[in-house]
Amino acid sequence: MRSSGHKALIAVDLGAQSCRVSLLRFHQGSPYTDVVHRFRNAPVVTPSGVRWNIGAILEGVEAGLRLCAGIATEGVAAIGIDGWAVDYVRLNEDGTQIANPFCYRDERTIAAEEKIHELLSPAKLYALTGIQLLRINTLYQLYADQQAGIDPGKRWLNVPEFVTSRLGARPVSEYTNATHTQLVDLNTHGWCDEIFRCTGLDRKAAPEMVPTGTVVGALRGDLSELTAFRQTQLIVPACHDTASAIAAIPASGDDWAFISSGTWSLVGAVLDKPCISEDARAMNFTNLGGVGGTVCFLKNVNGMWLLRQCMDEWESRGFTWTLPELLLECASLPAPAALIDVDDAELMVPGQTLAKINAQLERAGNRPHSSDGRDLPAVANLILHSLAARYAEVLGSMAGITGKTLKRLFIVGGGSRNKLLNRLTAERTGLEVIAGATESTTIGNFAIQMAAIDGNWNASHGVPAAAAVKWAERIATRPLALSADRDD
């Protein structure tokens, strides 16, 4: 795919709490972006488990695309969709969903994880894939399907690629997102036949795997009849949102680490090759696929989802706080006398978050917090200090394992705006904390699309990381006035 002729681009970022549809346009040769449409997203507790409303997601994406089409009169060259990893949609023969997909927080994978580890030891799984053991991984979810009697031969697509397919793309699994399934061979970068064989999962149900930046089809259906979408291609960026976010970090050298901060906090560094040492396995670090064949060596840490859970609980009781109000109150509070383990398994499951926090405090002999909404600032303060301490612990372990001497820490994503948490993190880690772009994932998505359009890359390895960074540095995250002249 060659020059867009300065047509617009669209990036869709599917988040576990909020989804965004953004538009990139050119003015006097420079690319400008704006978030055109946001819509809420949240898992739904149903009698059959915790699920995502995939129909509402598709409707939100279409609404955003129609808004973009009304703005981008110069036409849209391409659309790229990224999102959270591990969750997937089971498909009918016509490519539609069989049912709403399960959310990774559903507890059905507890038994599946135990059974998988009887078939393949954790050490063997890590040696095969380099992926951290998390029961949310696609491997355990697919096995839970099988245990529930769902035909393992039913095809599946991870959520971002599914939404892309509904726009007209062929069904694929983009490499960075595929690695998060814990089904990709660390050495061949293809699906791991040994895991499929040992677990009884059907290899034929897995989609074709493609490199980052691949053109996977043209927009079809009703949307393609809109003037702006007459010649629009569908490109898979780094479909794993964290990989897109990291691709947008304008850093060079070997002295930096990152935190992609949002619902989850992804804490780690970019490596040239995987690290699967015994220490890496023991500390459960993961080697996720990055842009251009790089490795995102990181660890999942519970994120701002913890605080959001508490805020939602209190709001249901009539106590409403905004995040800015909470952070202002926290800034004047002293450090808590004791911290919590933010990665406690109980805190990964939705509901009764304050009760779980209090139970952890009481087990350690510490005073619990009141359920009175006025005590929420103290709880928020506890969560923020505990997150910063956990970040420091993970970064210290990562530096020890990889031999890196860290000096800088880039924080991207929604959490980059949390100045208090950034300050606490700087104090705990001793690193220079650099707040990156809030919409880093969207910038990375656009940058990968632009690099793909340039076309100067090896199709077997995907868009080079350096090419994505080059474009990320050019993209301005401010809207282009609709009346501005374009040089199309």
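The values are calculated or read from the model by the stated rules, or taken from the named source; none is laboratory data. Bear in mind that the values here come from a model prediction, so they are computed numbers and not experimental data. Positions of Cβ are backbone-derived with ideal geometry, glycine not excepted, and every protein chain shown enters the neighbour counts. These accessible areas exclude ligands, DNA and RNA; they are computed on the full protein's heavy atoms, side chains included. Shrake-Rupley method; radii C 1.70, N 1.55, O 1.52, S 1.80 Å.
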Could you grab me the full set of residues in the range 214-258 that are part of a loop (DSSP other than H, G, I, E, B), open to solvent by 50 Å² or more (accessible area, probe 1.4 Å), of a type outside the set (A, V, I, L, M, F, W, C) and in contact with a helix residue (DSSP H, G or I) (Cβ under 8 Å, 6 or more places away or on another chain)?
R230, P250
Selection from the range 118-134 of residues that are crowded, with 23+ Cβ neighbours inside 10 Å and assigned to a loop (DSSP other than H, G, I, E, B)
G130, I131
Residue under question is T181, and the condition is that it be open to solvent by less than 10 Å² (accessible area, probe 1.4 Å), in contact (Cβ under 8 Å) with a residue 60 or more places away in the chain and in contact with a Ser or Thr (Cβ under 9 Å, 6 or more places away or on another chain); does it hold?
yes
Members of the range 382-405 that are touching a helix residue (DSSP H, G or I) at 6+ places or on another chain (Cβ under 6 Å) and within 17 Å of F285 (Cα to Cα):
Y391, A392, L395, I401
Let me confirm something: among T212, T181, T164, which residue is of a type outside the set (A, V, I, L, M, F, W, C) and closer than 22 Å to L133 by Cβ?
T181
Note on K115: of the conditions (1) closer than 29 Å to L347 by Cα; (2) part of a loop (DSSP other than H, G, I, E, B); (3) out of contact with any strand residue (DSSP E or B) (no Cβ under 8 Å at 6 or more places or on another chain), unmet is (2)
For the range 285-299, check the following and say yes or no: at least one residue is surrounded by fewer than 18 Cβ atoms within 10 Å (Cβ to Cβ) and at pLDDT 90 or above.
no
Only one of these is of a type outside the set (V, I, T) and touching a Lys or Arg at 6+ places or on another chain (Cβ under 9 Å): E174, E208. Name it.
E208
Name, by its number, the condition in (1) buried (at least 21 other Cβ atoms within 10 Å of the Cβ); (2) under 19 Å from V469 (Cα atoms); (3) at pLDDT below 95 that does not hold for A269.
(3)
Looking at the range 313-345 only, could you name the residues that are within 30 Å of L133 (Cα to Cα), part of a helix (DSSP H, G or I) and either open to solvent by less than 60 Å² (accessible area, probe 1.4 Å) or modelled with pLDDT of 90 or more (or both)?
E313
When both residues are 6+ apart or on different chains and their Cβ atoms are under 9 Å apart, which pairs have a first residue that lies in the range 192-220 and is on the phi > 0 side of the Ramachandran plot and modelled with pLDDT of 95 or more, and a second that is of a type in the set (S, T, N, Q) and open to solvent by less than 30 Å² (accessible area, probe 1.4 Å)?
G213/Q449; G217/T164; G217/S165
Could you please tell me which pairs satisfy a Cβ distance under 6 Å, a separation of 6+ or placement on different chains, a first residue in the range 316-344 that is within 17 Å of T425 (Cα to Cα), and a second residue that is assigned to a loop (DSSP other than H, G, I, E, B)?
A338/N366
Have a look at E432, E393 and point out the one that is in contact with a strand residue (DSSP E or B) (Cβ under 6 Å, 6 or more places away or on another chain), open to solvent by 20 Å² or more (accessible area, probe 1.4 Å), of a type in the set (D, E) and within 30 Å of G253 (Cα to Cα).
E432
If only one of A144, A169 is open to solvent by less than 50 Å² (accessible area, probe 1.4 Å), within 26 Å of the chain's Cα centre (by Cα) and free of Cβ contacts under 8 Å to residues at least 60 places away in the same chain, which one is it?
A144
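Results for (1) of a type in the set (S, T, N, Q); (2) surrounded by 23 or more Cβ atoms within 10 Å (Cβ to Cβ); (3) at pLDDT 90 or above; (4) over 29 Å from A72 (Cα atoms), shown as yes or no for each residue.
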site	(1), (2), (3), (4)
G415	no, no, no, yes
R428	no, no, yes, yes
N445	yes, yes, yes, no
Q449	yes, yes, yes, no
A452	no, yes, yes, no
S460	yes, no, no, yes
A481	no, no, no, no
A484	no, no, no, no
Taking the residues in the range 400-410 that are within 10 Å of L431 (Cβ to Cβ) and out of contact with any Phe, Trp or Tyr (no Cβ under 6 Å at 6 or more places or on another chain) as candidates, determine which candidate is most open to solvent (accessible area, probe 1.4 Å).
K407
Single residue of the range 190-212 satisfying the filter (charged (D, E, K, R) and in a helix (DSSP H, G or I)) that is least open to solvent (accessible area, probe 1.4 Å)
E194
